[in-house]
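Data first, discussion second: the structure below is written as structure tokens.
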Amino acid sequence: MQKMRLQFNFTQVWTIINGLLVGLVAGLVVASFRFSIEHLLLLWQHMYTYMRTGHQGLVFIALLINLIFGIFISQLIKQQPQISGSGIPQVEGQLLGELHLNAFAILWRKFVAGILAIGSGLMLGREGPSIQLGATVGQSIAETFKLDEQNTKSLIATGAASGLAAAFNAPLAGVMFVLEEIYHSFSPFIWVGALTGAVTADAVSTIVFGQTPVLAVGQLPNIPVHLYGLLLILGLVLGLFGFFYQKVLLASQTLYRYTRLPKYLNGLIPLVLVVPLGFIWTAGLGGGNQIILGLGHHVPGLWFLLLMVVARFVFSMISYGSGLPGGIFLPILTLGALNGAMIGQVFVLLHWMAATYLIDFIVIGMAAYFAAIGKAPFTAIILIVEMVGSVTHVLPLALVSLVAYAVVDGLNGAPIYESLLNRLLANEEEVGQQDFITIELPVLAGTTLADHSIRAINWPKQTIVIMVHRGRQELLANGDLLLRPGDTIFLRVPKEDSKKIHDQLQVAD
């Protein structure tokens, strides 16, 4: 009688252990970051409220404080330019092998500069910086244990998912955002660690901030089927608005060149402008989560909503275009909520629907606007479900997000973070001889790789096929091996061409 032999595979066990470690550390870092921003913003709001009670002289003190903050932040950016902006393009560049960054140098500078910039009331989000902070935690741990390139990328992706999970208390959205928008792969090697890290980081954040969803706007009434035609109009309009946002955001960075200031000093402009804005509209400061929560209690009239949209749109562009450490994630959701409310008010005034459903349009507007701008509809749907705490509106969320996404895609709009990465890489100076890196590609059904032998594929120049993973098997990459959907293929490619090769091999056959 043949004895049964047990075989153990510890690959995923180590992935989970690494995910737990990265999620724990990233959760602590991002929770501290989020806590500091919230309390600094609250302090500034109290100061602006105090100014309006007859202490206008404090305006000059506020200007002086922000100038000091701006000069300090500018020095940090000058020392480490990769802390500018949201940080998501930098993380995507790392995972594509296009960028090699100093983790610790970015970690502490992004942490400090992000608190000062976002906490001052600028219309920037904490989520992008949280993703970069989480990614630097993952990279630091990988470097500490001297892991290879592929495992380092896995921990960077795990850290990025953990960062978003801790920032928004949205673990599933954190994983989906990394897979859909940053890593562009649904590899089990990545998602297992990312899910472990995101859940762990979310647990840390929940202990600190409680279990209430970040954007709990209250009970949402079910939208009657006969109003779904209005949802199609909502998706169409938000798609057009999203395309416009993409174009203006990219142009805002270019317009700052006309200031003639050194790039690292551009942040002084929004830090000065935020003082009179804070004096006039204190409640409008920050990323905008308080505005969204306020809409859950009271929806202003059409003209006031329009004024809010214009003010937040313009100042969001001024804030992000300056290059200060801060993201566009939450500001996009805020504009989506305001636009949804505004479009809903138009329908109410036309007597096409009852005002009862305005709250639905606010929630759906957030998802659709983000889906249009980021071209990440899955992330948008899951994110809003987790942040609002309601699963009863998945169908209208999906419908409007898909329509908005299709509009931007039809207008040839690119995902905003991909556009920002391309601009970042265009500004990077290539020094030294050509480097080669290893990239990991999933074999997707319907692409140039699927159902073809390795020999039959027209590989880009200087591309070397190293190995193929099929489930838990490692297959020798010989010419007759037939690639199947679900396989993962590892390639050695020139660093400067890695993104182009990645995109070329993922197109439909």
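The values are calculated or read from the model by the stated rules, or taken from the named source; none is laboratory data. Bear in mind that the values here come from a model prediction, so they are computed numbers and not experimental data. Note: ideal-geometry Cβ built from the backbone for every residue, glycine included; neighbour counts use all protein chains shown. To get the accessible areas, we keep the full protein, side chains included, count just its heavy atoms, and leave off ligands, DNA and RNA. Shrake-Rupley method; radii C 1.70, N 1.55, O 1.52, S 1.80 Å.
Things worth noting here:
- Qualifying residue in the stretch 301-309 (condition: under 23 Å from residue 42 (Cβ atoms), modelled with pLDDT of 90 or more and open to solvent by less than 30 Å² (accessible area, probe 1.4 Å)): yes
- Considering the conditions (1) open to solvent by 20 Å² or more (accessible area, probe 1.4 Å); (2) closer than 23 Å to residue 288 by Cβ; (3) over 23 Å from the mean Cα position of the chain (by Cα); (4) not polar (S, T, N, Q), residue 62 is excluded by exactly one of them, (1).
- Total residues in the stretch 285-311 satisfying the condition of being closer than 30 Å to residue 424 by Cα, in a helix (DSSP H, G or I) and among the aliphatic types (A, V, I, L, M): the figure is 3.
- Screening 421, 441, 483 for residues that are modelled with pLDDT of 80 or more and out of contact with any Pro (no Cβ under 6 Å at 6 or more places or on another chain) leaves exactly one candidate, 483.
One line per residue, one yes/no per condition, for (1) touching a strand residue (DSSP E or B) at 6+ places or on another chain (Cβ under 9 Å); (2) modelled with pLDDT under 95; (3) hydrophobic (A, V, I, L, M, F, W, C):
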position: 3; (1), (2), (3): no, yes, no
position: 6; (1), (2), (3): no, yes, yes
position: 24; (1), (2), (3): no, no, yes
position: 37; (1), (2), (3): no, no, yes
position: 54; (1), (2), (3): no, yes, no
position: 59; (1), (2), (3): no, yes, yes
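- Residue match in the stretch 251-262 (condition: among the aliphatic types (A, V, I, L, M) and closer than 30 Å to residue 61 by Cα): yes
- Any chance residue 261 is at pLDDT 95 or above and surrounded by fewer than 18 Cβ atoms within 10 Å (Cβ to Cβ): no
- Residue 462 vs. criteria exposed (fewer than 12 other Cβ atoms within 10 Å of the Cβ) and either at pLDDT below 80 or closer than 26 Å to residue 191 by Cα (or both): no
- In the stretch 491-500, of all residues being under 11 Å from residue 440 (Cα atoms) and out of contact with any helix residue (DSSP H, G or I) (no Cβ under 6 Å at 6 or more places or on another chain), the one that is modelled with the lowest pLDDT corresponds to 498.
- Single residue of 103, 113 found to be at pLDDT 90 or above and in contact with an Asp or Glu (Cβ under 8 Å, 6 or more places away or on another chain): 103
- Taking the stretch 312-361 as the range and being assigned to a loop (DSSP other than H, G, I, E, B) and touching a helix residue (DSSP H, G or I) at 6+ places or on another chain (Cβ under 8 Å) as the test, the residues that pass are 322, 323, 324, 325, 326, 328, 352, 353, 354.
- Filtering the stretch 362-383 to residues that are open to solvent by less than 10 Å² (accessible area, probe 1.4 Å), among the hydrophobic types (A, V, I, L, M, F, W, C), in contact (Cβ under 8 Å) with a residue 24 or more places away in the chain and part of a helix (DSSP H, G or I) leaves 362, 363, 364, 366, 367, 368, 370, 371, 372, 373, 383.
- Test: residue in the stretch 43-56 that is more than 25 Å from residue 200 (Cα to Cα), open to solvent by less than 40 Å² (accessible area, probe 1.4 Å) and small (Gly, Ala, Ser): no
- Residue in the stretch 175-225 that is farthest from residue 90 (Cα to Cα), counting only those that are at pLDDT 90 or above and open to solvent by less than 10 Å² (accessible area, probe 1.4 Å): 205
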